[in-house]
Every structure is written in C-alpha cells, then in structure tokens.
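In what follows, a structure is listed as structure tokens, so that the remarks can point back to it.
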Amino acid sequence: MHITNLGLPASSLGLVPGSGLSLSISDAFISLNGHWHVKYLKFIKDSGSFDLTVSGLTISVTMGVNSDETGRPTVSSSNCAASVGHVSIEFHGGASWLYNLFSSFIENALRSAIQNQICPLVHDAISDINPHLKTMNVLAQVDKYAEIEYSLVTSPVVSNTFIQFSLKGEFYKIGQHQEPPFSAPPFSLPQTNGSMLYLGLSSFIANSAGFVYHNAGVLGLYVTDDMIPSSSPLRLNTKTFGAFIPEIAKRFPNMMMKLLVKTLEPPRITFEPNNVTLQANGTVTAYAILPNNTLEALFILNLVSLDGQGEQFICSKGRPITEQIISMTLGTSYVGQFQVMPLNNIFTMILKVVVIPKVNEKLQQGYPLPAISHMNLVNTQLKVLKDQLVAPNEVVVDPRRLFPENSYELLQAALFHLSRDVVMETRFPEVATVTESHLPHAVGKKEAHAVAHFLHQGEGLLVILFCLPAEPHDEVTTKTHP
C-alpha cells in the first residue's frame, strides 16, 4: 500500500493540570492505494488495485507524565477516544465490478476495524517514547574529581501553562556518593514566561560542589612570584617579608618564596539579587625555596573569614569578584612570633591579582546542564535572584535522532496543519526566511521534510520548525517563531 495524502487539519497539544499532556486530532484524513489478490481453491484467482480514503478521523488522548525509580521521566496514555467518520473504498481490475457491489459492507467493516485499532496503536506509540526518555542524562562527569546528578526527586508538576521538574542537582565525588552535612532548602521558580525552558539552581548545588572539592583536597593554590605583576613593588621573596619579619631575612637571605592558599572547610555560597557571596575559611602557608629547590615552611596564617562578591563568580560577564579579608591570625610560626597586621596589604594584593582571577577562570569553564539525548539548550542567560539562579533557555532538537527511520516514509507524504492556519508542507524546493508572513509556506535551503511541534503559552503560539535534510549527513537547521 502507498499513502497518497494525509492531513491533520485541526490538532492541539495542551496541559492537563495534575496529569500531564492532552493531545487531540480532529477531521484528519488519509488516502492510499494498493493491490488486492484473491485465491480460492486452486483454480480461482483474481487481482487488481484499490483506492481507500478514511476521513473524519478524531483522536483524543491524555498522556501522563511521572518519574521512574531512576529519577527519569516516564509517560503513559489514558482516556483515549477515537472515531472514524467515513471510509470509502473502490476496487479496480479483475472482478472489481462485483466487489464494488458490496463496497458499503466492506467500508463498514473497515471503519469498525480501524476505529478499534486506533487507541491500541496510540498507546503503543506513547509507550515507545519511554526508551528515548531513558537516555536522559541524570549523571554527568564534571572533571576528574566530581560528577553532578540531576535526577528527578518527585514526579513532574503540571499546571495550565507549564510543566515543572524538580531535579536533585548535587555534586558528588566520582564513584562515591556521600551526602553533605547540610540539606537542600525548598525553593520555587518565579512566575515568568518568554522562554521555552527555565532552569532554577539553588545555592545547594554550589555548596555541594564546594563540599566535594574541599574533601578532594583540590581547593588549594600555590602562588609564586612569577604570578604577581612585574609592576608590583611587593615581591614574593625573603627580602620583602624580611622587612616585616627580620628572622626570615636573617635565616633565609635572598631567597624566593612560595605560598600555599587552601580551604580549612568547605566554602559557603549565598545568592542575593544580582550578587553572589562566597565565604570561606582557609590557611596561607609561606615557604622559602632553598637553593636545592626544596621548601622550608616559614609560617601558617589562618584566614578567619573571606568574603567574595560579584556577578562574575557565576557569569562570564559582569563585574569581577571583590574581596575583603575579615581577619588574619597567626596559626603556626617557624620564624618566631611576629605581628600579622603589617602583612595584610601583601596578602590582599595576592588575593586580588592572583587567587580571585584563578577562581573566575575556573568558574567561567562552566558546568554541564541537564539535557535529553539529542536535545541542546541554547541562548542560556543566568539571572541571580534571592537564594537562586534562574536560567532562561531555548531548546534545539535533532529530530533525525528522535524518530525511527521508518517514520520518514510517512513524513514524506504528510501534510501537517497546525492551529491558527499555520500550514507546513513536507517538501520545500526554494529558499525563504521564516517570518510571520512566510509561516504558511516555510521553506528550507534544501529539499527537506518537516516536523512541526507547537507549544501554547497563554495567548501566544510558539512554533518550532525542524528541517530534516534529505541526506543523512547534511546540517540540521532550526527556526523558531513566537
């Protein structure tokens, strides 16, 4: 059999509060032709062709959205209803004149059979989505020390205008999931719209990262003289420090020095509107570099509290982190007792020109965001709010990987009609820009198949057009129109 025409003149996708999604199709039609063969006993044989048209097809189904034991979403179908308005069949060739006399009986039988099969097929199609959802990443390696888990902690919450997913969002040591000594506070996203996806992050995710990296012993930095700007009069050597601590100049004359800055406990991060605050307690260990390149410990200072504030702690754009050392105390000295306060300017400069830039450099590398297989987040922007970060995103999908290969045969013949008279044909031979005036005849750079999805938000209609090039290795382009 060959499909010659397929139409979905009226279709809608909506949200069912407390349940999931509702999908409805009305006045759909399909036309196809094929060949028939008759063989009765050994001497009666006949064959020919037929034309079949099914019209007035209506389907409605509710698709429930939940989570499984692994924290991944699952879907199920319920409340399916289907009806077929009319079936028409006409036989050609052979003894078709005889069979056409009984076409009304055949049409009624086909109509009943098709109507009874629609909901089981819809149920199977929805169930086939679950293997794709199983590919959703819920654990991603950040680096050689940490991985981040963002599995679902509860089933999704569905309202009239959005679906909300509550994800774990926690850093762990790779292969060892130890819970931190603090819990994640509850929070909710602000009521807003304008983007396809909003991702909210609480301070817990940042603090769990600090817990993991501190326990891994990697929240430390060696500072050497070549890391200090050459224009600075303060150098990292025993001559500079000897001016404040004479014993250093006496015992280690004209030697270079090295500092080890590290945390004593996991740092704590808090979010305020347009601002991020870092609080950390740590130590600074000063070493003299001996002529044989070995290190001799000189003293250890305790940084009782370190506050760093700024937008750049999270974003690549914005003002840098600023710093304020609340107090420094002498922890251990191997060069006798000395006053710490005169060293404050030196360590403030080192913190400003060396440590803070290194922190910003690390943070600007970013961390992996949750994504479903073959779906990418683009145009991400971070906004710092009270106790949380909010990231509006757009979503780009590669539909060639989401749909089975045999579905393209159906798409090749399909004509999709979406609400508000938006019509997209399956073959586009020319080039045009997708604007409001061009939407009914949207085209791509190459002859392509089209899959259209739409999301209704309030009074607006968001249409995402995925163009699938005829060649499997051609670039996939995505256009959106609000």
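The values are calculated or read from the model by the stated rules, or taken from the named source; none is laboratory data. What you see is a predicted model; the values in this text were computed from it and never measured. Cβ atoms come from the backbone with ideal geometry, glycine included; neighbour counts cover every protein chain shown. Heavy atoms of the whole protein, side chains included, go into the accessibility calculation; ligands, DNA and RNA do not. Shrake-Rupley method; radii C 1.70, N 1.55, O 1.52, S 1.80 Å.
Things worth noting here:
- Restricting the stretch 247-265 to residues that are open to solvent by 50 Å² or more (accessible area, probe 1.4 Å) and in contact (Cβ under 8 Å) with a residue 40 or more places away in the chain, the residue that is nearest to the chain's Cα centre (by Cα) is GLU265.
Conditions (1) surrounded by 16 or more Cβ atoms within 10 Å (Cβ to Cβ); (2) in contact with a helix residue (DSSP H, G or I) (Cβ under 6 Å, 6 or more places away or on another chain); (3) at pLDDT below 90, marked per residue:
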site	(1), (2), (3)
LEU32	yes, no, yes
ILE44	no, no, yes
SER67	yes, no, no
THR74	yes, yes, no
SER78	no, no, yes
GLU90	no, no, no
TRP97	no, no, yes
ASP128	no, no, no
VAL142	yes, no, yes
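- Counted residues, the stretch 187-236 - those being open to solvent by less than 60 Å² (accessible area, probe 1.4 Å), closer than 25 Å to MET256 by Cα and of a type in the set (S, T, N, Q): 2
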